[in-house]
Structures are given as structure tokens and as C-alpha cells.
1. Take the alpha carbon atoms of the stretch 241-354, find their radius of gyration, then divide it by 2.2 N^0.38 Å using N residues; give the quotient.
2. What is the angle, in °, between the Cα long axis of helix 199-212 and the longest principal axis of the Cα atoms in the chain? Nearest 10 is fine, range 0 to 90.
3. Using the per-residue mean of other Cβ atoms lying within 10 Å as a proxy for protection, in what order, highest first, do the peptides 181-193, 228-240, 67-79 fall?
4. Would you kindly calculate the translational diffusion coefficient of the stretch 27-174, applying Stokes-Einstein with the Kirkwood radius from alpha carbon pairs, for 37 °C and a viscosity of 0.692 mPa s, and quote it in µm² s⁻¹ without decimals?
5. Once Lys and Arg get +1 and Asp and Glu get -1 on their Cβ, which of L22, A288, L337 lies farthest toward the positive end of the dipole of the chain?
6. Only helical DSSP H runs with n ≥ 4 go in: add -39500 (n - 2.57) per run for the chain, normalise by residue count and round the 222 nm mean residue ellipticity to 500 deg cm²/dmol.
7. Return one number: the angle in degrees, 0 to 90 and rounded to the nearest 10, between the long axis of the Cα atoms of helix 285-299 and the longest principal axis of the Cα atoms of the chain.
8. Roughly how tilted is helix 116-133, in degrees to the nearest 10 and between 0 and 90, from the longest Cα axis of the chain?
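What follows draws every value from the coordinates through simple rules; no lab data is involved. Quick caveat, the model's predicted, so the values are computed rather than measured. Because the Cβ atoms are built from the backbone with ideal geometry, glycine has one as well, and the counts that use them run over all protein chains shown.
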Amino acid sequence: MDATASQSLQTAAPAPGAGLSLRLRPYRGPVDHPAMVRVIGEVRAHNGQADLGTVAEMDNHYAHLERADLPRDCALVELEGQVVAYGRASWEETIMGDHEVACILNIDPAARGIGVERLLFRHALARSEEIVDAFDPERTTRIVTFVGGRDDGLRGVVEEAGFRRVREGGQLVRPTLDDIPDIPLPYGFEIRPIGPDDAAMHRRVFDAAGRAFAQSYGEQAQTEGQYAEFLGQPSFDPTLWRVAFHGDDIAGQILNFMAEPEPDGSRMGWTESISVQPEFRRRGLARALLAESLRTVRDAGATQAALGVDMQNPNQAQALYESLGFTVVSTTSDYQLGPFQAGKRPALVPEAWR
């Protein structure tokens, strides 16, 4: 970012309330991550989510954002010198070849209702306009953002900007790991261990997930940067994965991992990235893999288990998870503006906000 742009960003935010010192400033790199993780932890706790995030996870994620000019795309809001919010505009190519710009907004619940929501969203939308200007004019574009189930103030600002709710996601938790049912694998399938140093198999598993999710809502085209991020996750532990084979083919998989222990001794086991290849669906494979995954994380020290779900999943995923003892603890709404047809430049920032 050049000096003029940086100065503009830092001075573009008049304080919305008397006596408040509110400032929008550019992202400064990993030095900002501890403050950003504190904010996202407050947001997630407010919404009832089980994962509050860690600095190591954010370091890994931000190091692998391939289509981001972070000093321009990402901004933080300071109130009386303390970071209370951050957001960014970043884009991806969907598996269908269209463009999707995501406005990521995280605002400490303690700092809401004083204008932070609109200030941060205005920056993300203005940057999104610049990003869209550089797109291939032959590609359709949509702008998306996400609002936690209890974030009513942010929801109002998002809807004021013309976004409409298009999807709902949920986080589910199994509060205990007692009474895990014994569900055998369907005939012809077997679970094979994946070694921590088996790089070829790690790639096969990553690619298999991409194929399984290819028709899923909003699925992004896989990139080498995403694969590097996958390998760099602090919780990466292939010994916990449960991968089912049919002959030499990967038929289904759950890439389990463990959260860090809590001060009270509890520990979450994540049974995530649940997928079955299209040709092997409707045989009970996902159910058997999930039961085995619950035993896996229990044996690794977990006291409860969690996962995320698209609540409009056409394969009835939520019903499957609930039948195995999971319950919804939080929801997140996907909001969308567009899609905009190829060659159309959207005006994203509402006129009243300019």
C-alpha cells in the first residue's frame, strides 16, 4: 500500500460518538494476529461456537491467502487504542469458474452499536469494488458475507447494504463421548491407516475431498496454496484420520483433529471434512465412519466432539449427525449480493455511506 492510500485508510473514520477515539487502520502483518484472535474469540464465544481460534491457526491461514493484498484488503478498528474489530475483502474462484468476493467481518460484541459495523463493512465493500474492477469481464461475480446467529446489529447493517440471506450453516457438538454406537462398515470397504509421513497419500486425501465436495454450495476451486495451508495446520495429524477404501479407491473420509485442552480438563475432538465420493453414497458409509471417528477422538483424549454443517445440505447431513448424538450449538447465515453478470461493475457501497 502506498503512503497516500495508507493515510486515507487511517483517517477515513470519524468517531461516531462524542468522546470516542475510533480509528480504522491497515493490517500490519502477523504482529496483529494476537489482537485479531482475541476479537474472533469474543465473536465466536458470543455466538456459542466451540472453536475460539488460535494465533498459530491465523498465522497459517494468513500466510496462505493467495489472492490478497493484505495491507489494502484487511483493516482493523481501534477504540481508544485497542483493537476491537477487523475485516477484509478477499476473493476466490469457485469450482464453476465464477468469482466470489468474501467480506469477512469480526467485531467484538463489547464494541457494537457505536458505528463499528458500518465503518468496517464500508471499507470491505469499497475494497471489493476495486477487486471486482480487475476481474475477467467474462466471469460472473457474487459478493458474500457471513453473520453469526446472535449478531443482530451486524445483520441489520448487512441487510441495509442490500445483501440477502441465502444459506444457513451450523456448528454441532456431541456433549459426551459415551454410548457411541457400533456401526460396521458396509461390505467391500475398509479403513486403512494414513501415516504422518505419507506425503503421496496426504495429497490423495486432499484431492479426494475436492472431488467429493465439487457440487457443494459455494465450493472453491482447489489451489496449491490451499494444499499448503492444509499441510500447515497446527492440528494436522493424519494418524487420527479415518479413510475408507474400496479396492484402491478412496471412498470416504473424515479428517479428525484435536483442539488444545481447556483449563477445566475438557478437550474437543473435531470430526470434520466428512465426505463420501458420489459413487459410494447411500450405503451407510458416512454413518460408519462417523461412529469410528467418535471412538478415535475419544481414545485420543477428547471429552466431546464437534463438526460444522451446511444446514441445507441435500444429502441430509444434519439429520445424520443429530441421529448420532450431535446437537446444534450455533448458526451462521450466508448473505449475498449479486450474482452480477459478466462485465457489470457493481456499486457496492450504499450511497448513504459514501
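1. Expressed relative to 2.2 N^0.38 Å, the Cα Rg reads 1.45.
2. 70
3. Numbers: 181-193: 13.1, 228-240: 15.8, 67-79: 19.8.
Ranked from most to least packed, the peptides come out as 67-79, 228-240, 181-193.
4. Numbers: Rh = 16.1 Å.
Approximately 204 µm²/s, per Stokes-Einstein.
5. Projecting each Cα onto the dipole axis, the largest value belongs to L337.
6. Working: 10 runs with 108 residues, N = 354.
Roughly -9000 deg cm²/dmol at 222 nm, from the helical runs in the chain.
7. Result, in degrees: 80.
8. Helix 116-133 sits roughly 80 degrees off the main axis of the chain.
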